[in-house]
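Asker: A single structure is presented below for examination.
The values are calculated or read from the model by the stated rules, or taken from the named source; none is laboratory data. Since the structure is predicted, the reported quantities are computational estimates derived from the model, not experimental observations. In this analysis, Cβ positions are derived from the backbone assuming ideal geometry, glycine residues included, and neighbour counts consider all displayed protein chains. Please note that ligands, DNA and RNA were not included when accessible areas were found on the heavy atoms of the full protein model with its side chains. Shrake-Rupley method; radii C 1.70, N 1.55, O 1.52, S 1.80 Å.
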Amino acid sequence: MKEDMVPKDYNHEKETKWQAKWQQSEIYKFRAIENRPRYIIDTPPPYPTGSIHIGHVLNWLYMDMIARYKRMDGYEVLFPQGWDCHGLPTEVKVEEIHSIKKNDVPREIFRQLCIELTSENIQIMKKQMQRMGYSQDWSREYVTMTPKYQEKTQLSFLKMFKEGLIYRAVHPVNWCPRCETAIAFAEVDYQKNETYLNYLKFPASHDKGNVPIATTRPELLAACVAVVVHPEDERYRHLAGEKVTVPLFSREVEIKTDREVDPEFGTGAVMICTFGDKTDVTWVNRYQLDIIEAIDEQGMMKEFCGDYAGLSLTECKEKIVKDLEKEGFLIKKEQVEQNVGQCWRCKTPIEILVKKQWFVAVKELAGQVESAANLMEWMPEHMKTRLLNWTGSMDWDWCISRQRIFATPIPVWYCKECGEVKIPREEDLPLDPTHEQPKMECPCGCNDFIGEVDVLDTWMDSSITPLVIAGWPSSKFWDLYPSSIRQQGHDIIRTWAFYTILRSVALTGETPFQSVVINGMVFGEDGHKMSKSRGNVIIPEKVVEEYGADALRLWAANSVPGSDVPFDWKDVQHGYKFQRKFWNAFRFVNMHLIDYQEKNLSPDVLKPLDRWILSLLNRLVKEVTLALENYNFSKACNRIQAFIWHDFCDDYIEAVKYRLYSQEDAESKQAALYTLNTVLRTSLKLLAPFTPHFTEEIHHYLEGGKSIHLESWPGLDEELMDVKAEELGRIGVYIISELRRFKASKGMPLNTPLKSAAAHIDNPELFQHLEILKDDIIGTIRIGNLIVEAGKPEIREITVDVTPRMDKIGPEFKAQAPEIVSYLQSHDPQEIASSLENDGHLDIDGSRITEEHLNLRKELVGHGGEKVELILLEDLDLVVEMVI
Ligand SMILES: [Zn+2]
Ligand SMILES: [Zn+2]
């Protein structure tokens, strides 16, 4: 490209031009070309909130870098993008926007409003993703709320139902009173808080005294069904099998013994309520106790609670504690810390309610999940342990029914007559059982059915993504299944990773992906989680506007999977400067490459520094390739930047400029051009996955039409990797940089010619090296002549100027001063210095002049008698004697 067509400065605003071009020319489209290896990415479908955050930037960058690298490395890469649409936040947002409650309008209308909002949000986020330069194949986009996707979710439900892996049962479930829906264990977050442990008196029957019981949940007294103590607890041994009266409710319950009771906690006696927590559920099942439903779906006390009916849990707790105190049942209160389960979406404390719900038989599949997880490569490895621990802790099945609206309908009906579950035919999917009736009658003869109004957990949609992107249920899906890689955050290991493995093994019997790469979270610059109240939230669009997507990508690339990453403006700015530095180097190189014909060069004509940079370049190719294979993005990115910035721009280019301008040595110039061209093009390719826009822009000026992202990944030329050449080159660039530093310290422009220099060295090997490097040192530093000599330099110090100090001479010698000055000016400074040295003073017509009356300026001279400067290069034990 002609040099005047290359702009002086790099303009990151051109990034959008390339993004449009890439979309238009479909360069990221997956084409199932035979004989080409395939690489399939199971991309996370984000929740369409309407904006991508900085965590997304990091997460997607990893996938994008891998996708770009693999494409260049010869793979057909499938990098799809989906959207996980359903769920409560959208329902809440719709209620807010339209000032309605979900039950104010027909379900279908409410669902439609959710779809509209979600569609708008998807469009916004899609643009934001494209603005980051991510290379998804948008022709493979999937949206979980569409009939096409719902068909797959419903089909997966039916298949697992037929296998007996999905069932309906009455079982205690975690319930969010705010969201008014059942939730799965994976959606319960535990949070520490302070509460009171209330010590209550339960009067024992047959006048056997009182049993003290400590509880943090007195509001559940109405649902107390038994009291348990440890069988060997001396305090209560005599009470086993006896009864106690529940305070305020005057109901008797039995005292049971159980080895799981911790005699050390509270009073050693525990009340079982239906249900305070998971242990209650275990005991109720073990002893077949009655179930009292004290709380309703909104978290209000039910009829059964008598005086407390209609109160909220908090109100009930307050009133009940007051009443216990009044009636004399409260012994004492003490403050304790407790772990409370909360709904992960809205942070409301969850309750345990008994409900008829749909479940996935997790316990039955746990072993298969473990085996599948063990077959995968986990990055970092310890994330596998998190999944295995979670899998091992399963003691409840996965509750998949939700009492919401905006979700995939559960495709079942119940017979009005006999209550039998009726499922549709697979070919009739997708369907909404509240709108449609079964096509066949019930075996009991009844033709009347009630459609299931509950809907599916959102994870039921998103846990089949590796199947969906492969085209399931078409039998061809095996071509693209399993995925090569699953990448996701560590916060959703127990949900997305766990559920996907579970569902995939249930539906296919095979592992869903070969590798799992887990990315960390992004923190604010202050090291804290980003939050509006802290004011440390970084909005990706703002960064992109100011510095460009590539600079933001360089920040994110400076990290590794599994580790949390703080945002860092300095990294972004460094990335911004790096691009400008490289741009300037490119412009310079490009100017010289205009008439250059690319061709193979005999290695013999390469000069020492050419061999040095080419060896480093090949080492770089090797290291970066390995680092990318190991997902060590930080190492790959830092190595490339350091090489380009320092080795190439600062050292190599500076050291070969003289060869480019040389009229005499055409071969040396050709070797320099060959090397510049090779290093420039190869390092651009290595950098392409990191800064796709910047590299495309330069590639465009070099090559014209073809995108750099369709180029092949650089191969390794082992022959050019040469440790000796690297050592020699390192010495060369070190000497050159020290001599340049010397020039700068003298305030000389770097192109100032110097007369001559002598390098003194004792080490014979280094002596030889210097002989080889001589031309480059001379050419770059512009020294008239350079001699390399063994041994130390022969130099001496001479006095070149003697000036009288009038502040001393004036007052002391008064009228004689002019004569003294005249003497000093007319005599040789070196002679004066010798006399001073020999006699300690000068005698000028009887005036005794010593060194304190004079300023002497001394200089070093070499054996030729010329003034020299000494430069000491300590690393090499080398002294350079320089004649300016
Ligand atoms: Zn909730
Ligand atoms: Zn029936």
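Asker: Filter the stretch 741-765 down to the residues that are under 48 Å from the mean Cα position of the chain (by Cα) and buried (at least 17 other Cβ atoms within 10 Å of the Cβ) and list them by number.
Answerer: Once the filter is applied, which keeps residues that are under 48 Å from the mean Cα position of the chain (by Cα) and buried (at least 17 other Cβ atoms within 10 Å of the Cβ), the stretch 741-765 yields Phe742, Lys743.
Asker: Residue check: is Tyr134 in contact (Cβ under 8 Å) with a residue 24 or more places away in the chain, farther than 30 Å from Asp290 by Cβ and open to solvent by less than 10 Å² (accessible area, probe 1.4 Å)?
Answerer: yes
Asker: Oh, and also: Pick out the one residue from Thr391, Thr385 that is among the β-branched types (Val, Ile, Thr) and surrounded by 20 or more Cβ atoms within 10 Å (Cβ to Cβ). Let's see the steps before the verdict.
Answerer: Details: Thr385 fails: surrounded by 20 or more Cβ atoms within 10 Å (Cβ to Cβ).
From the options Thr391, Thr385, the qualifying one is Thr391.
Asker: Scan the stretch 785-827 residue by residue and report those that are open to solvent by 60 Å² or more (accessible area, probe 1.4 Å), small (Gly, Ala, Ser) and more than 23 Å from Asn763 (Cα to Cα).
Answerer: Once the filter is applied, which keeps residues that are open to solvent by 60 Å² or more (accessible area, probe 1.4 Å), small (Gly, Ala, Ser) and more than 23 Å from Asn763 (Cα to Cα), the stretch 785-827 yields Ala815, Ser822, Ser826.
Residue-wise test of (1) away from ligand 2 (no atom under 15 Å from the Cβ); (2) modelled with pLDDT of 95 or more.
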residue: Cys418; (1), (2): no, no
residue: Pro430; (1), (2): yes, yes
residue: Gln437; (1), (2): no, no
residue: Pro443; (1), (2): no, no
residue: Cys446; (1), (2): no, no
residue: Gly451; (1), (2): no, yes
residue: Thr465; (1), (2): yes, yes
residue: Trp472; (1), (2): yes, yes
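Asker: Additional query: Condition check: open to solvent by 40 Å² or more (accessible area, probe 1.4 Å) and either more than 30 Å from Gln663 (Cβ to Cβ) or not aromatic (Phe, Trp, Tyr) (or both). Does Val543 satisfy that?
Answerer: Considered against the rule, which asks whether it is open to solvent by 40 Å² or more (accessible area, probe 1.4 Å) and either more than 30 Å from Gln663 (Cβ to Cβ) or not aromatic (Phe, Trp, Tyr) (or both), Val543 comes out as no.
Asker: Within the stretch 352-370, work out how many residues are open to solvent by 10 Å² or more (accessible area, probe 1.4 Å) and either in contact with a helix residue (DSSP H, G or I) (Cβ under 7 Å, 6 or more places away or on another chain) or touching a residue at least 12 places away in the same chain (Cβ under 8 Å) (or both).
Answerer: Total meeting the criteria: 10.
Asker: Filter the stretch 631-670 for residues that are touching a residue at least 40 places away in the same chain (Cβ under 8 Å) and in a loop (DSSP other than H, G, I, E, B) and give the result.
Answerer: Selection gives Tyr631, Asn632, Ser662.
Asker: Scan the stretch 828-851 residue by residue and report those that are out of contact with any Leu (no Cβ under 7 Å at 6 or more places or on another chain) and either surrounded by fewer than 10 Cβ atoms within 10 Å (Cβ to Cβ) or without any contact (Cβ under 8 Å) to a residue 12 or more places away in the chain (or both).
Answerer: Of the stretch 828-851, the ones out of contact with any Leu (no Cβ under 7 Å at 6 or more places or on another chain) are 828-831, 834, 837-841, 843-848, 850.
Within the stretch 828-851, Asp828, Glu831, Ser834, Glu837, Asn838, Asp839, Gly840, His841, Asp843, Asp845, Gly846, Arg848 meet the criteria.
Asker: Next up: Within 26 Å of Leu365 (Cβ to Cβ), of a type in the set (Gly, Ala, Ser) and open to solvent by less than 40 Å² (accessible area, probe 1.4 Å), is that true of Gly489?
Answerer: yes
Asker: So, one more: Looking only at the stretch 715-772, count how many residues are in contact with a Pro (Cβ under 9 Å, 6 or more places away or on another chain) and among the acidic types (Asp, Glu).
Answerer: 1
Asker: Something else now. Do we find a residue being of a type outside the set (Val, Ile, Thr) and farther than 21 Å from Val360 by Cα anywhere in the stretch 498-508?
Answerer: From the stretch 498-508, those of a type outside the set (Val, Ile, Thr) are 498-499, 502-504, 506-507; that's our starting set.
If we keep only those that are farther than 21 Å from Val360 by Cα too, we end up with none.
Scanning the stretch 498-508, I find no residue that is of a type outside the set (Val, Ile, Thr) and farther than 21 Å from Val360 by Cα, so the answer is no.
Asker: Quick check on the stretch 319-350: of everything there that is open to solvent by 70 Å² or more (accessible area, probe 1.4 Å) and within 16 Å of ligand 1 (Cβ to nearest atom), which residue is nearest to the chain's Cα centre (by Cα)?
Answerer: Arg345
Asker: Could you tell me whether any residue of the stretch 242-258 is aromatic (Phe, Trp, Tyr) and open to solvent by less than 30 Å² (accessible area, probe 1.4 Å)?
Answerer: Checked the stretch 242-258: no residue is aromatic (Phe, Trp, Tyr) and open to solvent by less than 30 Å² (accessible area, probe 1.4 Å).
Asker: When you check Tyr701 against the structure, is it assigned to a helix (DSSP H, G or I) and open to solvent by 40 Å² or more (accessible area, probe 1.4 Å), yes or no?
Answerer: For Tyr701, the condition - assigned to a helix (DSSP H, G or I) and open to solvent by 40 Å² or more (accessible area, probe 1.4 Å) - is not met.
Asker: I've got another one for you. For Tyr236, only one of the following conditions fails: (1) open to solvent by less than 60 Å² (accessible area, probe 1.4 Å); (2) of a type in the set (Ser, Thr, Tyr); (3) touching a residue at least 40 places away in the same chain (Cβ under 8 Å). What is its number?
Answerer: Only one criterion in (1) open to solvent by less than 60 Å² (accessible area, probe 1.4 Å); (2) of a type in the set (Ser, Thr, Tyr); (3) touching a residue at least 40 places away in the same chain (Cβ under 8 Å) is unmet by Tyr236, namely (3).
Asker: If you take the residues in the stretch 675-698 that are part of a helix (DSSP H, G or I) and in contact with a Lys or Arg (Cβ under 8 Å, 6 or more places away or on another chain), which one is surrounded by the fewest Cβ atoms within 10 Å (Cβ to Cβ)?
Answerer: His693
Asker: What residue, among those in the stretch 351-365 that are charged (D, E, K, R) and within 15 Å of Ile295 (Cβ to Cβ), is nearest to ligand 1 (Cβ to nearest atom)?
Answerer: Glu351
Asker: Just to verify a result, which residue in the stretch 177-233, among those that are of a type in the set (D, E, K, R) and crowded, with 16+ Cβ neighbours inside 10 Å, is nearest to ligand 1 (Cβ to nearest atom)?
Answerer: In this case the residue turns out to be Arg178.
Asker: Continuing with the same structure: If you check Trp378, Trp358, Trp413, which single one turns out to be within 16 Å of ligand 2 (Cβ to nearest atom), modelled with pLDDT of 95 or more and at negative phi?
Answerer: Trp413
Asker: A further question follows. In the stretch 240-284, which residues are aliphatic (A, V, I, L, M), modelled with pLDDT of 90 or more and part of a loop (DSSP other than H, G, I, E, B)?
Answerer: Just the residues of the stretch 240-284 that are aliphatic (A, V, I, L, M), to begin with: 240, 244, 246, 248, 253, 255, 261, 269-272, 281, 284.
Next, from what is left, pick out any that are modelled with pLDDT of 90 or more: 244, 246, 248, 253, 255, 261, 269-272.
Once the filter is applied, which keeps residues that are aliphatic (A, V, I, L, M), modelled with pLDDT of 90 or more and part of a loop (DSSP other than H, G, I, E, B), the stretch 240-284 yields Leu248, Val261.
Asker: Further question: With respect to Ala407, determine if the residue is at pLDDT 95 or above, open to solvent by less than 70 Å² (accessible area, probe 1.4 Å) and within 16 Å of ligand 1 (Cβ to nearest atom).
Answerer: Yes: the conditions hold for Ala407.
Asker: Would the stretch 559-571 turn up any residue that is crowded, with 17+ Cβ neighbours inside 10 Å, of a type outside the set (Phe, Trp, Tyr) and farther than 25 Å from Met125 by Cβ?
Answerer: Yes, the stretch 559-571 has at least one match.
Asker: Please verify whether Glu377 is under 32 Å from the mean Cα position of the chain (by Cα), more than 16 Å from ligand 1 (Cβ to nearest atom) and open to solvent by 50 Å² or more (accessible area, probe 1.4 Å), treating the condition exactly as stated.
Answerer: Yes; evaluated as a whole, the condition is true for this residue.
Asker: Arg286 versus (1) of a type in the set (D, E, K, R); (2) under 30 Å from Gly419 (Cα atoms); (3) within 16 Å of ligand 1 (Cβ to nearest atom): which is the lone unmet condition?
Answerer: Of the numbered conditions (1) of a type in the set (D, E, K, R); (2) under 30 Å from Gly419 (Cα atoms); (3) within 16 Å of ligand 1 (Cβ to nearest atom), the odd one out for Arg286 is (3).
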